[in-house]
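J.: Just passing along the structure, written as structure tokens.
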Amino acid sequence: MPTPLHRPDVEDGGPRWGVVRGARLTVRGVVRRYGGIEAVGGVDLVAPGGRITALIGPNGAGKSTLFDCLAGTVRPDAGRVLLGGRDVTALAAHRRVRLGLARTFQQIAVFPTLSVADNVRVGAEQRRGRVAARTVLERTERALGLFGLSGLADEPAGVQPTGVLRLVELARALAGGPRVLLLDEPAAGLDAAQTGRLVAVLRGLAERGMALLLVEHDAELVAELADSVYAMAQGRVVAAGPTAAVLADARVAEAWGGRP
Ligand code: ATP
């Protein structure tokens, strides 16, 4: 028997989340135009289950627009998005959530008047239409525990600092038990300890088979977390492959102007 990984900074043992199956996000030839601008100009990408994939690039490269196309909040002008083997291109965002595609936002979006636990509960209820109250409670408690938020469960979300809210958003996304998780700058506003917890949790999710795709500006975090990287510039993928190779690619450095 392999020894389970010891994660002293994660309150709740992740294995109870079980193994995630059918996790894979495939993007084929996605195009999205705004007026004369091709914000996304024909992107192919695969985020496989069990891996952390990073999407990097300078401001205006098209990362957020691509994320919106994947999540379903923006409809691409061309191309296809597949979740597992299923074409979800024509599905609305909430239907993709029910099929197991969760996302977090660059701009934190919590309900300020609800408690921390109730914010997370929203995510637990979202995955499928009707879930037993006990299941919702269990999922909520598990997600809170995963990010060390149990002690704040009954506190109003609105008064929490940015770092805590970022973790609340993550817990909410995870409470629905997604197969694919889209993260838009998940470490923004987190302190070193919270970032450490985030890294441990995200790795644990990938180990259980989840597909993670993150937009991240912090090159150190990308280097530490990601198995592979897609680098975008001006709507296109300019480099893709194993993290170290892409981060060392001259085209990537050029597109970034030296700054990831
Ligand atoms: P950042 O790192 O700053 O978030 P990004 O890589 O996410 O940048 P996008 O926000 O996707 O890039 O923008 C790509 C291009 O599309 C930019 O030129 C932007 O001005 C344009 N764009 C994005 N959204 C819209 C919109 N709703 N209407 C018009 N143009 C848009």
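J.: For a quick check, take a GNM of the chain with Cα springs below 10 Å and name the residue from Thr113, Thr104, Thr89 with the largest mean-square fluctuation.
T.: Comparing Thr113, Thr104, Thr89 in a Gaussian network model of the chain, the most mobile one is Thr113.
J.: Next question, about the same structure. What does the charge count around Leu165 come to, taking other residues whose C-beta lies under 12 Å from its C-beta (Lys +1, Arg +1, Asp -1, Glu -1)?
T.: Residues near Leu165 contribute 0 overall.
J.: I want to verify a result. In a Gaussian network model of the chain, Cα cutoff 10 Å, which of these has the top mean-square fluctuation: Ala226, Ala71, Ala173?
T.: Checking each option, the largest mean-square fluctuation is seen for Ala226.
J.: Take every Cα-Cα pair in the chain and report what % of them are more than 34 Å apart.
T.: 14
J.: Rounded to two decimal places and with Rh computed the Kirkwood way over Cα pairs, what is Rg over Rh for segment 37-97?
T.: When Rh is taken as the Kirkwood radius, the ratio is 0.95.
J.: With both bridge residues required to lie in the chain, what share of the DSSP beta bridges run antiparallel, to the nearest 5%?
T.: About 60 percent, rounded to the nearest 5.
J.: Another question, then. Run the helix sum for the chain: -39,500 (n - 2.57) per DSSP H stretch of 4+ residues, divided by residue count, reported at 222 nm to the nearest 500 deg cm²/dmol.
T.: When only DSSP H runs of four or more count, the value is -10000 deg cm²/dmol.
J.: Which whole-Hz couplings ³J(HN,Hα) result when phi for each residue of segment 76-93 is put into the Karplus expression 6.51 cos²θ - 1.76 cosθ + 1.60, θ = phi - 60°, listed in order with x for Gly and Pro?
T.: Listing the rounded values in order: x, 6, 7, x, 9, 10, 10, 10, x, x, 9, 6, 10, 3, 8, 8, 5, 3 Hz.
J.: Next up: Read phi for every residue in segment 97-110 and hand back ³J(HN,Hα) as whole Hz from Karplus 6.51 cos²θ - 1.76 cosθ + 1.60, θ = phi - 60°, with x for Gly and Pro.
T.: Working through the residues one at a time gives 4, 5, 7, x, 10, 10, 9, 10, 10, 5, 7, 4, 10, 10 Hz.
J.: Something else: Around Met232, which amide H atoms from residues at least 5 apart in sequence, or from another chain, sit under 5 Å from its own amide H, with H modelled in the peptide plane?
T.: For Met232, whose amide H was placed from the backbone, the distant partners under 5 Å are Ile56, Gly57, Val238.
J.: Leaving out ligands, DNA and RNA, what percent of the accessible area of segment 139-260 is carbon and sulfur, probe 1.4 Å?
T.: 50
J.: Please work out the Cα center distance from segment 25-56 to segment 191-255, rounded to the nearest Å.
T.: So the separation of the two Cα centres works out to 15 Å.
J.: Hey, another quick one. Would you mind computing, in nm to one decimal, how far apart the modelled labels at Ala192 and Ser150 are, each placed 7 Å from Cα along Cα→Cβ?
T.: That separation, rounded to one decimal, is 2.7 nm.
J.: Using a 10 angstrom cutoff on alpha carbons, build the Gaussian network for the chain and name the most mobile of Glu185, Glu224, Glu125.
T.: Fluctuation is largest for Glu224.
J.: Short version: ³J(HN,Hα) in whole Hz for each residue of segment 240-245, in order, from phi by Karplus 6.51 cos²θ - 1.76 cosθ + 1.60 (θ = phi - 60°), x for Gly and Pro, what are they?
T.: Per residue, the Karplus-derived 3J(HN,Hα) values read 8, x, x, 3, 4, 5 Hz.
J.: Continuing with the same structure: Once you sort the root eigenvalues of the Cα gyration tensor of segment 49-201 as a ≥ b ≥ c, which label holds: rounded (a/c under 1.5), prolate (a/b larger than b/c) or oblate (the other case)?
T.: oblate
J.: Still on this structure, I have one more. Once label points are set 7 Å from the Cα along Cα→Cβ at both Gln234 and His94, what is their separation, rounded to one decimal in nm?
T.: With each label point 7 Å from Cα toward Cβ, the separation is 4.1 nm.
The values are calculated or read from the model by the stated rules, or taken from the named source; none is laboratory data. Here the structure is a predicted model, which is why all the values come from computation and not from measurement. Note that each Cβ is placed from the backbone with ideal geometry, even for glycine, and that neighbours are counted across all protein chains shown. These area figures cover heavy atoms from the full protein model, side chains too; ligands, DNA and RNA do not enter into them. Shrake-Rupley method; radii C 1.70, N 1.55, O 1.52, S 1.80 Å.
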